[in-house]
Structure formats: structure tokens, C-alpha cells
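Working notes, structure below.
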Amino acid sequence: MKQLIIAFLIMTMAVTIVNAQKTIDRWNKNQVIAHRGAWKKNNLPENSIAALKQAFKLKCYGSEFDVHLTLDSVIVVNHDPTFLGINISKSTYNQLLEKKLSNGETIPTLENYLKTGLKQKKTKLILEIKPQELGIQRDALLTEKVLQLVRKLKAQAWVEYISFSYEVCKDIIKNEPNAKIAYLKGDVSPEKLKADGFTGVDYNFSVYQKNENYIKRFKKLGLSINGWTANTPEAIKFLISNQVDYITTNEPELVFDLVNQAAVKN
Ligand code: MG
């Protein structure tokens, strides 16, 4: 009987360890982040659900997208402050439904986007909070609503945050301390980002080229390094050879090819 109990305990422990390992290791292990989804090669609309799904299909580490707040406080996914000519911040969500993306989709809400992301467990959702035309109070409201929705849907493990607004980033660090958060603008030193609680940096690749020791300093501080938006072989190879953690790109297929080529050479 005693032996049986011991065997049962060992089995239970083994299952627990395997499950924990699965949780830790589940995300795709590569450097590729599809910028506004993987849209270009298949001529899909940027920031569409179809482009997000294509990033899953390509097995990207992450799929990046941008969010804005409508006049009636619905969070929608779109790059520009206007959606097919309609000003998002001055329109209701229903008004935005009057126009459709080229593939027939309506403007995705963040809720739909997150729910689509939650159906898979391999590609992260890289959520960019866009500074709002209506000012910093609107930025704060958008940030608060984004964090609320991510919590409500239990999507915290899927989402990483980025923004050009330092204030938005600091708001996230304060209110969601376990979240991964990187700053986009390129004008803050590695040491300050570390001191302010960032987990990573996401600068245009040219910032790393101009500041030759930045990559070394970010690595030393333990910040993850992402470079945007690398679309040419030269820019992509620069980031690969400097062994950055992530490459944000409109050309995810090309980045996969170049990463594989570099791995063969080494
Ligand atoms: Mg973006």
C-alpha cells in the first residue's frame, strides 16, 4: 500500500512538472514580430483579424497592433487616428461600422482581437497604445480601459505593451507591474528606462545604429531589445547580427528566411 502511495505521489509530481514546463515553454521561440499583423504578402488589411491569424499561421513570436478609443469609449484596432477617412476619437463605434476593410471585415474591437488571440497559445499579442488626439486625459482613459479588458478576459499572459507615450508606459508599469512593457520613441537612455521599471526597449533600428553602445548597455541591464520596423535585408541583418531579442517587421517571411540563413552560417 505504502509503495502504491509513493508511486502515486511521484506520478503526480511528474505531471505537475510537465504541465509547468508546458506553460513556460509554450510561446513560439523566435525573434519575429509581425508589424500590424502579417498582412503584406497576402495583401490583407493591416491590423485586421485576418492579418493576426496569418501571424499565428507563420508561427511568429508576436503580432503587433495599435489601439484607439472611440467617442463612446470603445477600444478599436487601427493604426491611424482615422479609419478610412472617419476620425476615430470624434466618432462612435457604430459610425465606424459604416466603412469596411478591403477583406470585408469591420474595424476590429480590442475585445475581438484579444478573444481571437486567446484561441491560440503560441503567438503573443504586442499591444501598442496610441497617444490620443484628445489629449493626455484620453490617453489615461484608454490605458485604464485596456488594462481592465485584458484582466477581464484573463489575457495577461498573452499581452505585451508598447507605446510612444512615456506617460502611458509609466501608467502601465504602475498599474500592471507584472506586464512586459517597452518604450518606442528612441529618446530615453538605457539606464533611465531600467530605473523607471521598463522590461524592454523597442526603438527604431536606426537608433541602435546611431548609438553604437546602446545594444550592449540594454543587454547588460537585462532589458529585452526589439527593433522596428526592419523591412529591408540590410536592416534585418543588422538586428540579427546584433542578436536582438525581437525584430518587428512588415516582412515576417523574409525575417524567418534570414534568421535561418544566419543560423546555418553559424
Ligand atoms: Mg504600431
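Structure above, values below:
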read-out: Segment 76-115 and segment 189-265: distance between their alpha carbon centers, rounded to Å; value: 31
read-out: Distant-in-sequence amide H partners of TYR203 (H built 1.01 Å from N, under 5 Å); value: ASN226, TRP228
read-out: Cα-based Rg and Dmax for the chain, where Dmax is the largest Cα-Cα distance (Å); value: 20.1, 74
read-out: Above-threshold pairs, the threshold being 26 Å between Cα atoms, out of LYS40/LYS119; LYS59/LYS99; LYS154/LYS174; value: LYS59/LYS99
read-out: Sparsely packed GluC sites (Glu not before Pro) within segment 64-111, loop by DSSP, other Cβ within 10 Å at most 15; value: GLU98
read-out: Proxy reagent accessibility, fewest Cβ within 10 Å first, across TYR203, TYR166, TYR208; value: TYR166, TYR208, TYR203
read-out: Stretch in the chain that is longest and holds no trypsin sites (Lys or Arg not before Pro) that DSSP places in a loop and that have at most 15 other beta carbons within 10 Å; value: 186-266
read-out: Close Lys-Lys pairs in segment 186-266, where close means Cα under 18 Å and separation is 8 or more or interchain; value: 10
read-out: Value of relative contact order over the chain, rounded to a whole percent, pairs C-alpha under 8 Å and six or more apart; value: 16
read-out: Local electrostatic count, LYS170, Cβ distance below 12 Å [Lys/Arg +1, Asp/Glu -1]; value: -3
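Bear in mind these aren't lab numbers, they're just calculated from the coordinates by the rules spelled out. All figures in this text were calculated on a predicted structure; none of them were measured in a lab. Neighbour counts run over all protein chains shown; Cβ positions are idealised from the backbone, glycine included.
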